[in-house]
Every structure is written in structure tokens, then in C-alpha cells.
Amino acid sequence: MEKVRFLVLISSLLFVGFSQRGPINKLTLEKTYTMSQITKSQRDLIDKSPKASYFNDDFFNNLLKSVIQDKKYSEKEKAQLFYLMEKKEGYAFAGLDYVPPKQSYFNHHVGKVFIHQGTKRSLAPLKYNISGLIQIIDSNIKKDPILAGNALLLATLLNSEKLAKKMEYYTHSDVILNSKNPGIFNHYVCMSASITQNTVIINNLTANLMSFKKECMLEDVLCAIYSKDNFVVTMKEYILEEKNPDNNLSIETALCALAAKVPEASVKKSIQSLINEAKEPWKIALCKELLANKVPYNYALSNDLLLVTKPWEGVTTTTYSDGTLIINGSLMEFDPN
């Protein structure tokens, strides 16, 4: 796990040198989600330790344990502190993700799942009652998807078995699409579903894969399904049914998941099968490029040397010398370097 966190740290440092502006305006910073919705005392608690500390598994997990066990924090504050901790290691999400060098989005997602599973094992002895966190999720899906999403992921790490029944509800497309920001809530739902699954959850994710229209939401669903060993026929059905040529990255993510599951020869055979069966010229051309290794690391956003920013649909970003400003509808957030 240390290697995965270290890669994210190094990637963030590589990205810093390519900033195009000076530091963010202080008045703008004060309007961002973290500054306006989370108290200064909470921010100070997380800021008092160097950022690099959060890339150490023992430090991260022990601090999270102390936060969870401290009765002075409400369930809302625990979810917020978890969000701040995740921000330190680049895993918090407000509409922008960061794909490390030489990785596809699927591999990046699987790396985060691996890290979270380690935290889950560390928290297991607490046998924490997650009912309060479930209340936070339910009361904030339509108001604050960042808070709802982090409460959901934290509840998953604390007691995924107790959460499983509620996950059957949270993975319903109507619940996700009725969120204040479906892209954000879906991202957290899919990360949680990557850790805990049952037949109902998989069926819901499969239905979402066939009904969602936005590329990044589809990618998250694919990542959730194939974080576990599920039938590859689902991805083939999705690829053949996809009609939007702008959703090329979701097809690439599906095939990256396939490449992680089966030998290279089987991947090539599957892509050739798609070339033979697909009807759309753009899809056939994409599969031919993948088969000819013309897409680096089988994902068009991957880069040999640099961390690549991956904004969700409708999200705009501005890079400053000290971080990235994210504007996601009415939500504004800042990710420091």
C-alpha cells in the first residue's frame, strides 16, 4: 500500500511544476467548500501534520481511528475530517480526479480500493455503530453530496457488512440521479460498491451501466463492477450498446478492466471480436487503435511522466501555483498541491 500512496505523492509533485498562474486569490479561497463548510478547528487538526505524513499507512489509519473514537466529534464532523484526510492524499472528490503517470483510470481506481481495504482492516476491531453515519448520508444526498459521499465511504470502511442493505438502496439509479450532484455521489457510491457487493448491488450497477449517459459516471460504474470478479460479458454488452462517440474513455476503461482480468492474448481476441461485431465506424476505429497499441496504456488520458487531471462532465478547473480550483455547478472547491 505504501507504494501506491507514494506514487500519488510523487505524481502530485510532478504536476506542481506545470502551474500556469500565481497563488489563488484569498477571497476566492474563502468561498470554497472546505473553507466555508468545514470549521477552522477541523482544518487546523488535519493541517498540523505535514502532507507527506498522510501517505504513510500507519499514520493515516491511526489518526482516523483516533478521530472515530473521539466522542467530542459528531458523526458529521467525523465524515468531514475523513474528507480532509483524503484531500491530503489526493483521494477526496469534488468533480476532479488525478490519474498518475502510466496508469489508466481503472488501474488508478483499483489502487485506491486497495488502499481503502487496508484502512478497512485497520478499523475492523472498532466494531463501530454506523447508524449515525447512515443518517448523515440519507439527510445529505440531496443537499451536500460531498458530505453524504464521505459518510458513505467512511461507513463502508467501518462496517461494510452492516451497510450492505443500504448499499442496495444507494446504488439505485433514481437515488444517484436525484442527488444534488449525481457525478459526485455516484463516484462515492461506486468506490463503496468496489469494497462491498452482493447480487442486488451488482444488478443495480449493471442497470446503471446500461442507462447512465455521462462518460465519467459510466467509468465509475465499470470500475465498481470490475473491482470484483464479475462476468466480462457485461462489459461487452455495454460496449456494443454504447452509441455516443464522446464516451470513448468509458469503452477504454472497460477494456482496461478486461486487461487486468485476463491474459493479453484473450484481450486481443476480445477486441478483435468487438471489431467484427460493432456497427459504428468510430467504435471500430477505436478498437483498432487499441489493438495496435496506439493508445498509451490503453487509456487516452494516460501520460508517461505527469499526473493527468480528469474532470467530470460540466466541471471546469484552473491551475494555480498552489493548487487547482474546481468549479462544479454551484460547488467550488480547491485542491492544494
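Each reported figure results from applying straightforward, stated rules to the coordinates on display, with no laboratory input. On a predicted model such as this, the values are computed, not experimentally measured, just so you know. Glycine gets a Cβ as well: all are built from the backbone with ideal geometry, and neighbour counts include every protein chain shown.
Here are a few things to note about the model shown:
- Rounded tilt (10° steps) of 131-140 against the dominant C-alpha axis of the chain: 70 degrees
- Fewest-first ranking of M235, M210, using other Cβ atoms within 10 Å as the exposure measure: M210, M235
- With the alpha-carbon atoms of the range 75-115 aligned to their principal axes, the span from lowest to highest coordinate is 36, 20, 14 Å, starting with the largest.
- The peptide list 291-298, 195-202, put in order of mean Cβ contacts within 10 Å with the highest first, becomes 195-202, 291-298.
- Likely footprinting exposure, H172, H187, fewest C-beta neighbours within 10 Å first: H172, H187
- Near K288: Cβ cut-off under 15 Å, other residues only, Lys/Arg at +1 and Asp/Glu at -1. The net charge is +1.
- Q69/A292 FRET efficiency (R0 56 Å; Cβ-Cβ; nearest 0.05): 0.55
- Dipole magnitude for the range 197-302: about 200 debye, using +1 per Lys or Arg Cβ and -1 per Asp or Glu Cβ, origin at the Cα centre.
- Ranked for footprinting exposure by Cβ neighbours inside 10 Å, fewest first, S179, S321 give S321, S179.
- Over the range 129-257, volume per residue of the alpha carbon convex hull, in Å³: 88 Å³
- Size of charge dipole - the chain - debye, nearest 20, with Cβ of Lys, Arg +1 and Asp, Glu -1, no other charges: 540 debye
- Using R0 = 25 Å, the C-beta based FRET efficiency linking R21 and K51 works out to 0.75.
- The chain: Cα Rg divided by the 2.2 N^0.38 Å rule of thumb: 0.97
- Packing, taken as the mean count of other beta carbons within 10 Å per residue, orders the peptides 327-336, 81-90 from highest to lowest as 81-90, 327-336.
- 19 Å Cα-Cα threshold exceeded, pairs from K112/K143; K261/K294; K65/K310; K87/K310; K228/K294: K112/K143; K261/K294; K65/K310; K228/K294
- Förster radius 25 Å - calculated FRET efficiency between F231 and D174, Cβ distance, rounded to 0.05: 0.55
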